[in-house]
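Since the structure comes first, as C-alpha coordinates, the remarks are kept for the end.
The values are calculated or read from the model by the stated rules, or taken from the named source; none is laboratory data. Just so it is clear, the model here is predicted, and its values are computed rather than measured. A quick note on method: Cβ atoms are made from the backbone with ideal geometry, for glycine too, and the neighbour counts reach across all protein chains shown. The area values use the complete protein model at the heavy-atom level, side chains included, leaving out ligands, DNA and RNA. Shrake-Rupley method; radii C 1.70, N 1.55, O 1.52, S 1.80 Å.
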Amino acid sequence: MTDPIIEAIERLPALRVTVAAAGLTADKRFGQHFLFDLNLTRRIARAGGPLDAGTVIEIGPGPGGLTRALLLEDGRHVVAIEKDRRMVAALTPLVEMAGGRLTVVEADALDLDPTTLGPAPYRIIANLPYNVGTPLVIAWLRAIDRYESLTLMFQKEVAERLTAAPGDDAYGRLSVLSGYFAQSGILFDIPPQAFTPPPKVMSSVLQLVPRRDRPDCGSVERLEQLTAAAFGQRRKMLRQSLKSLGTDTAALLSDAGIEPTARAEELSVADFCRLSVVFTGMIGPR
(Lines give C-alpha, C1' and ligand atoms only; values in the text may rest on other atoms or scores of the structure.)
Protein backbone atom coordinates (compact mmCIF):
# COMPACT_ATOMS: atom_id res chain seq x y z
CA MET A 1 0.00 0.00 0.00
CA THR A 2 1.41 3.38 -1.03
CA ASP A 3 2.11 5.87 1.75
CA PRO A 4 0.15 9.07 0.95
CA ILE A 5 2.66 11.26 2.80
CA ILE A 6 5.57 9.92 0.76
CA GLU A 7 3.52 10.35 -2.41
CA ALA A 8 2.82 13.98 -1.48
CA ILE A 9 6.50 14.72 -0.79
CA GLU A 10 7.52 13.10 -4.07
CA ARG A 11 5.14 15.47 -5.90
CA LEU A 12 6.77 18.56 -4.40
CA PRO A 13 8.66 20.85 -6.80
CA ALA A 14 12.42 20.33 -6.90
CA LEU A 15 14.04 21.93 -3.88
CA ARG A 16 16.08 24.28 -6.08
CA VAL A 17 12.82 25.62 -7.53
CA THR A 18 11.27 26.05 -4.08
CA VAL A 19 14.32 27.90 -2.76
CA ALA A 20 14.42 30.23 -5.78
CA ALA A 21 10.71 30.98 -5.51
CA ALA A 22 11.09 31.86 -1.82
CA GLY A 23 14.15 34.02 -2.50
CA LEU A 24 16.27 32.06 -0.01
CA THR A 25 20.05 32.29 -0.05
CA ALA A 26 22.72 30.64 2.07
CA ASP A 27 23.91 32.75 4.98
CA LYS A 28 27.62 32.60 5.83
CA ARG A 29 26.86 33.40 9.48
CA PHE A 30 25.21 30.00 9.80
CA GLY A 31 27.78 28.10 7.71
CA GLN A 32 25.07 27.18 5.19
CA HIS A 33 25.67 25.22 1.98
CA PHE A 34 22.51 23.80 0.39
CA LEU A 35 22.46 20.26 -0.98
CA PHE A 36 19.73 19.97 -3.61
CA ASP A 37 20.49 16.55 -5.12
CA LEU A 38 17.80 14.21 -3.75
CA ASN A 39 19.80 11.15 -4.81
CA LEU A 40 22.63 12.27 -2.53
CA THR A 41 20.42 13.25 0.39
CA ARG A 42 18.56 9.94 0.19
CA ARG A 43 21.89 8.11 0.16
CA ILE A 44 22.84 9.92 3.39
CA ALA A 45 19.45 9.11 4.93
CA ARG A 46 19.75 5.41 4.05
CA ALA A 47 23.26 5.27 5.51
CA GLY A 48 21.91 6.48 8.85
CA GLY A 49 18.94 4.11 8.99
CA PRO A 50 16.76 2.33 9.83
CA LEU A 51 14.60 5.39 10.44
CA ASP A 52 11.22 3.88 11.29
CA ALA A 53 11.72 3.72 15.07
CA GLY A 54 12.66 6.23 17.73
CA THR A 55 13.77 9.77 16.90
CA VAL A 56 15.87 10.95 13.96
CA ILE A 57 17.53 14.29 14.70
CA GLU A 58 18.70 16.64 11.96
CA ILE A 59 20.81 19.73 12.65
CA GLY A 60 20.66 22.76 10.38
CA PRO A 61 18.12 21.48 7.84
CA GLY A 62 18.14 24.72 5.85
CA PRO A 63 15.40 24.59 3.21
CA GLY A 64 14.89 20.87 3.80
CA GLY A 65 16.85 18.81 1.27
CA LEU A 66 17.98 16.15 3.72
CA THR A 67 14.71 16.56 5.65
CA ARG A 68 12.72 15.47 2.61
CA ALA A 69 15.04 12.49 2.19
CA LEU A 70 14.63 11.41 5.83
CA LEU A 71 10.85 11.38 5.40
CA LEU A 72 11.04 9.58 2.06
CA GLU A 73 13.28 6.92 3.64
CA ASP A 74 10.58 6.14 6.22
CA GLY A 75 11.52 8.54 9.01
CA ARG A 76 8.57 8.35 11.40
CA HIS A 77 9.67 10.91 13.98
CA VAL A 78 12.08 13.45 12.52
CA VAL A 79 13.15 16.46 14.61
CA ALA A 80 14.96 19.23 12.73
CA ILE A 81 16.83 21.86 14.77
CA GLU A 82 17.24 25.14 12.90
CA LYS A 83 18.65 28.46 14.11
CA ASP A 84 17.82 30.51 11.00
CA ARG A 85 14.25 31.82 11.27
CA ARG A 86 13.99 32.15 7.46
CA MET A 87 14.53 28.42 7.10
CA VAL A 88 12.09 27.58 9.88
CA ALA A 89 9.40 29.44 7.92
CA ALA A 90 10.42 27.73 4.68
CA LEU A 91 9.99 24.30 6.30
CA THR A 92 6.42 25.00 7.44
CA PRO A 93 4.73 23.50 4.32
CA LEU A 94 6.79 20.32 4.73
CA VAL A 95 5.81 20.08 8.41
CA GLU A 96 2.15 20.39 7.45
CA MET A 97 2.50 17.79 4.71
CA ALA A 98 4.37 15.30 6.93
CA GLY A 99 1.33 14.42 9.04
CA GLY A 100 3.04 14.63 12.43
CA ARG A 101 6.25 12.90 11.35
CA LEU A 102 8.30 16.13 11.30
CA THR A 103 8.90 18.67 14.07
CA VAL A 104 11.01 21.78 13.54
CA VAL A 105 12.64 23.30 16.61
CA GLU A 106 13.90 26.86 16.29
CA ALA A 107 17.04 26.81 18.44
CA ASP A 108 20.81 26.71 18.51
CA ALA A 109 21.84 23.05 18.51
CA LEU A 110 24.74 23.88 20.84
CA ASP A 111 22.20 24.74 23.55
CA LEU A 112 20.09 21.58 23.29
CA ASP A 113 20.25 17.97 24.43
CA PRO A 114 18.80 16.18 21.38
CA THR A 115 17.76 13.18 23.47
CA THR A 116 15.08 15.32 25.16
CA LEU A 117 13.24 15.87 21.87
CA GLY A 118 11.53 12.52 21.38
CA PRO A 119 11.50 8.82 22.23
CA ALA A 120 14.51 6.50 22.03
CA PRO A 121 16.35 5.13 20.15
CA TYR A 122 18.12 8.25 18.86
CA ARG A 123 19.99 8.75 15.61
CA ILE A 124 21.55 11.99 14.46
CA ILE A 125 21.75 12.43 10.68
CA ALA A 126 22.95 15.85 9.59
CA ASN A 127 24.75 17.96 7.04
CA LEU A 128 26.40 19.97 9.79
CA PRO A 129 26.88 23.72 9.46
CA TYR A 130 30.59 24.21 8.82
CA ASN A 131 31.03 26.77 11.59
CA VAL A 132 29.80 24.60 14.48
CA GLY A 133 30.39 21.02 13.35
CA THR A 134 33.38 20.24 15.58
CA PRO A 135 31.99 21.51 18.91
CA LEU A 136 28.71 19.71 18.21
CA VAL A 137 30.34 16.35 17.56
CA ILE A 138 32.54 16.65 20.66
CA ALA A 139 29.42 17.18 22.79
CA TRP A 140 27.70 14.20 21.17
CA LEU A 141 30.76 11.98 21.59
CA ARG A 142 30.73 12.61 25.33
CA ALA A 143 27.14 11.33 25.37
CA ILE A 144 27.56 8.73 22.61
CA ASP A 145 25.98 5.89 24.58
CA ARG A 146 22.60 7.64 24.28
CA TYR A 147 22.67 7.26 20.49
CA GLU A 148 22.41 4.39 18.06
CA SER A 149 24.64 6.23 15.62
CA LEU A 150 25.74 9.62 14.35
CA THR A 151 25.79 9.96 10.55
CA LEU A 152 27.34 13.32 9.78
CA MET A 153 28.64 15.37 6.90
CA PHE A 154 31.75 17.47 7.55
CA GLN A 155 34.56 19.10 5.68
CA LYS A 156 36.73 16.16 4.59
CA GLU A 157 39.67 17.33 6.71
CA VAL A 158 37.52 17.20 9.87
CA ALA A 159 36.21 13.76 8.93
CA GLU A 160 39.79 12.58 8.49
CA ARG A 161 40.75 13.94 11.91
CA LEU A 162 37.85 12.06 13.49
CA THR A 163 38.79 8.76 11.87
CA ALA A 164 42.61 8.99 11.77
CA ALA A 165 44.86 6.25 13.17
CA PRO A 166 48.23 6.64 14.93
CA GLY A 167 50.89 7.71 12.45
CA ASP A 168 48.44 9.46 10.12
CA ASP A 169 49.07 13.14 9.43
CA ALA A 170 45.53 13.92 10.60
CA TYR A 171 45.89 12.04 13.91
CA GLY A 172 45.39 14.32 16.90
CA ARG A 173 43.26 15.17 19.93
CA LEU A 174 39.99 14.75 18.04
CA SER A 175 41.10 11.34 16.73
CA VAL A 176 41.84 10.07 20.23
CA LEU A 177 38.55 11.36 21.64
CA SER A 178 36.61 9.85 18.73
CA GLY A 179 38.50 6.57 18.96
CA TYR A 180 37.86 6.31 22.69
CA PHE A 181 34.11 6.86 22.48
CA ALA A 182 33.19 5.40 19.10
CA GLN A 183 33.95 3.22 16.14
CA SER A 184 34.09 5.41 13.07
CA GLY A 185 34.49 5.35 9.34
CA ILE A 186 34.14 7.61 6.32
CA LEU A 187 31.29 6.33 4.14
CA PHE A 188 31.70 8.48 1.02
CA ASP A 189 32.80 11.90 -0.21
CA ILE A 190 30.72 14.68 -1.74
CA PRO A 191 32.39 17.18 -4.10
CA PRO A 192 32.00 20.96 -3.69
CA GLN A 193 29.97 21.32 -6.89
CA ALA A 194 27.12 19.33 -5.32
CA PHE A 195 26.38 22.28 -3.03
CA THR A 196 24.96 25.77 -3.47
CA PRO A 197 27.05 27.79 -2.91
CA PRO A 198 29.94 25.36 -3.41
CA PRO A 199 32.34 25.26 -0.45
CA LYS A 200 36.07 25.52 -1.07
CA VAL A 201 36.73 21.99 0.19
CA MET A 202 35.59 18.41 -0.30
CA SER A 203 32.99 17.09 2.14
CA SER A 204 32.70 13.61 3.64
CA VAL A 205 29.90 11.63 5.23
CA LEU A 206 31.07 9.61 8.21
CA GLN A 207 29.39 7.44 10.80
CA LEU A 208 30.14 7.15 14.50
CA VAL A 209 28.76 4.18 16.49
CA PRO A 210 29.18 3.81 20.28
CA ARG A 211 32.22 1.75 21.18
CA ARG A 212 31.18 -1.10 23.47
CA ASP A 213 34.71 -2.31 24.37
CA ARG A 214 35.83 1.06 25.72
CA PRO A 215 39.04 0.84 27.79
CA ASP A 216 39.36 2.37 31.24
CA CYS A 217 40.76 5.90 31.01
CA GLY A 218 40.45 6.90 34.67
CA SER A 219 38.77 10.18 33.84
CA VAL A 220 37.64 11.55 30.47
CA GLU A 221 38.62 15.04 31.63
CA ARG A 222 42.16 13.84 32.37
CA LEU A 223 42.30 12.07 29.01
CA GLU A 224 41.39 15.35 27.31
CA GLN A 225 43.99 17.21 29.37
CA LEU A 226 46.67 14.70 28.39
CA THR A 227 45.92 14.84 24.69
CA ALA A 228 45.87 18.64 24.78
CA ALA A 229 49.36 18.67 26.27
CA ALA A 230 50.72 15.90 24.05
CA PHE A 231 49.43 17.24 20.74
CA GLY A 232 49.99 20.87 21.72
CA GLN A 233 53.67 20.18 21.06
CA ARG A 234 53.31 17.16 18.82
CA ARG A 235 56.84 17.36 17.37
CA LYS A 236 58.39 17.01 20.81
CA MET A 237 58.98 13.83 22.74
CA LEU A 238 56.41 13.12 25.43
CA ARG A 239 58.95 13.59 28.21
CA GLN A 240 59.02 17.22 27.13
CA SER A 241 55.47 17.90 25.90
CA LEU A 242 53.83 16.48 29.04
CA LYS A 243 55.78 18.76 31.39
CA SER A 244 52.96 21.29 31.08
CA LEU A 245 50.81 18.92 33.16
CA GLY A 246 52.77 19.92 36.25
CA THR A 247 53.39 16.37 37.47
CA ASP A 248 56.29 13.91 37.52
CA THR A 249 56.51 13.25 33.79
CA ALA A 250 59.10 10.49 34.10
CA ALA A 251 56.99 8.58 36.64
CA LEU A 252 53.84 9.12 34.60
CA LEU A 253 55.36 7.64 31.46
CA SER A 254 57.13 4.82 33.28
CA ASP A 255 54.05 3.70 35.21
CA ALA A 256 52.01 3.70 31.99
CA GLY A 257 54.64 1.71 30.11
CA ILE A 258 55.25 4.47 27.56
CA GLU A 259 58.71 5.27 26.21
CA PRO A 260 59.69 8.84 27.18
CA THR A 261 61.09 9.39 23.68
CA ALA A 262 57.76 8.58 22.03
CA ARG A 263 55.71 11.32 20.36
CA ALA A 264 51.97 11.87 20.62
CA GLU A 265 51.28 10.80 17.03
CA GLU A 266 52.75 7.35 17.77
CA LEU A 267 50.44 6.50 20.68
CA SER A 268 47.25 4.51 20.26
CA VAL A 269 43.98 5.28 22.04
CA ALA A 270 44.79 2.44 24.45
CA ASP A 271 48.19 4.03 25.18
CA PHE A 272 46.57 7.36 25.98
CA CYS A 273 44.05 5.58 28.22
CA ARG A 274 46.84 3.93 30.22
CA LEU A 275 48.48 7.31 30.64
CA SER A 276 45.17 8.81 31.70
CA VAL A 277 44.59 6.11 34.34
CA VAL A 278 48.01 6.81 35.86
CA PHE A 279 47.55 10.58 35.59
CA THR A 280 44.14 10.36 37.26
CA GLY A 281 45.66 8.29 40.05
CA MET A 282 48.37 10.89 40.56
CA ILE A 283 46.19 13.97 40.87
CA GLY A 284 42.63 12.69 41.00
CA PRO A 285 39.70 13.16 38.59
CA ARG A 286 38.72 16.67 37.65
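Remarks
- Within the option set Ala53, Ala69, Ala14, being in contact (Cβ under 8 Å) with a residue 40 or more places away in the chain and either open to solvent by 10 Å² or more (accessible area, probe 1.4 Å) or out of contact with any Pro (no Cβ under 7 Å at 6 or more places or on another chain) (or both) holds for one residue only, Ala53.
- One residue from Leu117, Leu136, Leu141 being closer than 16 Å to Pro61 by Cβ and open to solvent by less than 10 Å² (accessible area, probe 1.4 Å): Leu136
- Some residue of region 155-164 being open to solvent by 40 Å² or more (accessible area, probe 1.4 Å), of a type in the set (A, V, I, L, M) and under 13 Å from Leu208 (Cα atoms): no
- The condition (being modelled with pLDDT of 95 or more and either under 29 Å from Phe30 (Cα atoms) or touching a Cys at 6+ places or on another chain (Cβ under 6 Å) (or both)) is satisfied by just one residue among Asp271, Asp189: Asp189.
- Qualifying residue in region 217-232 (condition: open to solvent by 70 Å² or more (accessible area, probe 1.4 Å), in contact (Cβ under 8 Å) with a residue 60 or more places away in the chain and not acidic (Asp, Glu)): no
- Test: residue in region 260-283 that is buried (at least 17 other Cβ atoms within 10 Å of the Cβ), out of contact with any helix residue (DSSP H, G or I) (no Cβ under 7 Å at 6 or more places or on another chain) and among the β-branched types (Val, Ile, Thr): yes
- Summed over region 118-136, residues that are hydrophobic (A, V, I, L, M, F, W, C), in contact with a Phe, Trp or Tyr (Cβ under 8 Å, 6 or more places away or on another chain) and not in a strand (DSSP E or B) total 1.
- Note on region 243-259: among residues that are over 21 Å from Asp168 (Cα atoms), without any contact (Cβ under 8 Å) to a residue 24 or more places away in the chain and open to solvent by less than 20 Å² (accessible area, probe 1.4 Å), the one that is farthest from the chain's Cα centre (by Cα) is Thr249.
- Qualifying positions in region 98-132 - in contact with a strand residue (DSSP E or B) (Cβ under 6 Å, 6 or more places away or on another chain) and of a type in the set (Val, Ile, Thr): Thr103, Val104, Val105, Thr115, Ile124, Ile125
- Enumeration of residues in region 137-153 that are part of a strand (DSSP E or B) and of a type in the set (Gly, Ala, Ser): Ser149
- Within region 165-197, tally of residues that are buried (at least 21 other Cβ atoms within 10 Å of the Cβ) and within 12 Å of the chain's Cα centre (by Cα): 3
- Tally, over region 233-272, of residues that are in contact with a Ser or Thr (Cβ under 7 Å, 6 or more places away or on another chain) and of a type outside the set (A, V, I, L, M): 4
- Inspection of region 2-25 identifies no residue that is modelled with pLDDT of 95 or more and more than 19 Å from Phe154 (Cβ to Cβ).
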